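Inspection log for the structure reproduced underneath, given as structure tokens.
The values are calculated or read from the model by the stated rules, or taken from the named source; none is laboratory data. This structure is a prediction, so every number in the text was calculated from the model and none was measured. With ideal geometry, Cβ positions are generated from the backbone for all residues, glycine too; neighbour counts draw on all protein chains shown. When the accessible area is computed, the model is the full protein with side chains, heavy atoms only, and any ligands, DNA or RNA have been set aside. Shrake-Rupley method; radii C 1.70, N 1.55, O 1.52, S 1.80 Å.
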Amino acid sequence: MEQSTISASVGKYRWTICALLFAATTINYLDRQVLSLLAPALSEEFNWSNTDYANITAVFQFVYAFSMLFAGRLIDKLGTKWGFILAIVIWSLGAIMHAYAIPIGTAFAGLLAVVGIAAVPVSIIGFMISRAVLGFGESGNFPAAIKATAEYFPKKERSLATGIFNSGSNIGAILAPLTIPWIAVNWGWQMAFIIIGAVGFIWMLFWYAFYERPDRQKRLSAEEYNYIRLADGDSSDAVAASVDTEKISWFKLLGYRQTWAFVFGKFMTDGIWWFFLFWLPKYLEAQFGMVKTDIVFPIAVLYSMTMVGSIGGGWFPVYFIKKGYNPYEGRMRAMLIIALFPLVVLLAQPFGDVSFWIPVLLIGVGASAHQAWSANIFTTVSDMFPKKAIGSIVGIGGMAGGIGGVLVTKLGGALFDYYEAQGHIQTGYSIMFALCATAYLIAWFVMKLLVPKYSPITNL
């Protein structure tokens, strides 16, 4: 049965929830990208080295990583509605705090001096604290979104729904260069953080009004509710049980190979996306002398390409599922093909002398492949685990991805400072692009080794 026929016969309120998740993810990425787009100007204003900038962004990733572990558990305990509200309030406040980084840094510098810690520039302290609050709040987005998707969509639709809401990260990445540099140039960099940060509070009102657990959702028809529950032919995983108060030990979850497959896949690949997100403006400045509004069009084009990967990647497993593969096996076949596309990033530096558009487009292919990969790796969790464990598993994997992101960021900062001092910063980018190109294939083979065939967990 075609998707349009299904929607007509059973209703489509679940896609309203998907639209809300898409909007939240868009805001999430807008907030986290403000700093990267302003990094060249802020680095000049505050005299940051590449390592200084790496340390500031690493704080976000480090706090995000460990908060993901607890965010998933908190989402499972509070439920999706209130867990998401709490997350977006915290991260919106954290985003706005960046505008006040200097007074925040000044206040904390005095405290550090009292306890005898060596002086750190107040700009670095202030931005680190603001990034920490942002990372703490933003850690709730994906555990809540994946849980909401598992609540509102049957397994065969989850990768598509995940791909759609995850494409919000692409829209956020597109809107950011179109708005943030202009705001900063006309109203100052502080207003860029304040305006973008305030958007989250508007979304919160819509989420409060339109979201409720499916078994309590008055806008959801009985036909659509039963479709969500029964489309997989298994009513035991009922939507009504989507919020479970049973506490599942992290150590118990870590005892499953399925958990480690997801954890390793996130560890190897999340940092690649964050490298693209946080370092592309710096790359365009270092390699091509592009600053401020110069980077608007190239970055907007690059992240427009990632829309294809996010939505197309969510659809791709359906091709194999229609051929008779179960959802997990279809997803893994799709992910292997997706993992081949980032290899083109190896050509970014060799052809960079021809035109800046060549590396931008090649990196765009790699970033698009990441979004296709991301739509599918998230959905492997709901393929393998019951709803009551999804938030916790996504949190564990998110922590691993955040740690991987910290390592990639620190490696990049160190390499760029080292090779910049030698006058060969291009070499640093060549090394990082090689890592970006090969990480997905490594991740896929290890995941396949850990879980060679579909093995859902049913005894939690």
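Side notes on the structure shown:
- The distance from the alpha carbon centre of segment 160-231 to that of segment 248-308 is 19 Å, rounded to a whole number.
- Rounded to 10°, Cα long-axis angle of helix 296-322 versus longest principal axis of the chain: 20 degrees
- Using only side-chain charges placed at the Cβ, +1 for Lys and Arg and -1 for Asp and Glu, the dipole size of the chain relative to its Cα centre rounds to 1260 debye.
- Taking each DSSP H run with n ≥ 4 as -39500 (n - 2.57) and averaging over every residue of the chain yields -27000 deg cm²/dmol at 222 nm.
- Shape category assigned to segment 157-213 from the gyration tensor of Cα positions, a/c cut at 1.5: oblate
- Probe 1.4 Å - accessible area at residue 15, Å² to nearest ten: 60 Å²
- Sorted into 5 angstrom bins from 0, the C-alpha pair distances of segment 333-385 split as 5, 21, 22, 17, 13, 10, 6, 4, 2, 0 percent.
- Based on Cα atoms of segment 390-448, Rg over Rh with Rh as the Kirkwood radius reads 1.13.
- The residues of segment 343-401 present an accessible area of 23 Å² per residue when probed at 1.4 Å with all protein chains retained.
- Ranking of 408, 308, 365 by solvent-accessible surface, largest first: 308, 365, 408 (1.4 Å probe, protein heavy atoms only, all chains present).
- For the residue pairs 252/323; 156/448; 252/410; 155/453; 156/453, the C-alpha atoms sit more than 26 angstrom apart in 252/323; 252/410.
- Ordered from largest to smallest accessible area (heavy atoms of protein chains, 1.4 Å probe), the residues 206, 201, 276 come out as 206, 201, 276.
- Three principal axis extents of segment 18-135 based on alpha-carbon atoms, in descending order, are 44, 32, 22 Å.
- Taking a ≥ b ≥ c as the square roots of the Cα gyration tensor eigenvalues, segment 117-198 comes out oblate, since a/c reaches at least 1.5 and a/b does not exceed b/c.
- List 356, 385, ordered by accessible area with a 1.4 Å probe, largest first: 356, 385
- Seen against the Cα atoms of the chain and their longest principal axis, helix 425-450 is set at about 20 degrees.
- Solvent-accessible surface of segment 405-460, taken per residue with a 1.4 Å probe and all protein chains present: 48 Å².
- Rounded percent of accessible protein surface that carbon and sulfur make up, the chain, 1.4 Å probe: 68 percent
- Dipole magnitude for segment 56-208: about 340 debye, using +1 per Lys or Arg Cβ and -1 per Asp or Glu Cβ, origin at the Cα centre.
- Rg to Rh, two decimals, where segment 290-377 supplies the alpha carbon set and Rh follows Kirkwood: 1.10
- Accessible area of residue 299 in the full protein assembly, 1.4 Å probe (Å², nearest 10): 0 Å²
- Residue 448 accessible area, 1.4 Å probe, all protein chains in place, Å² to nearest 10: 70 Å²
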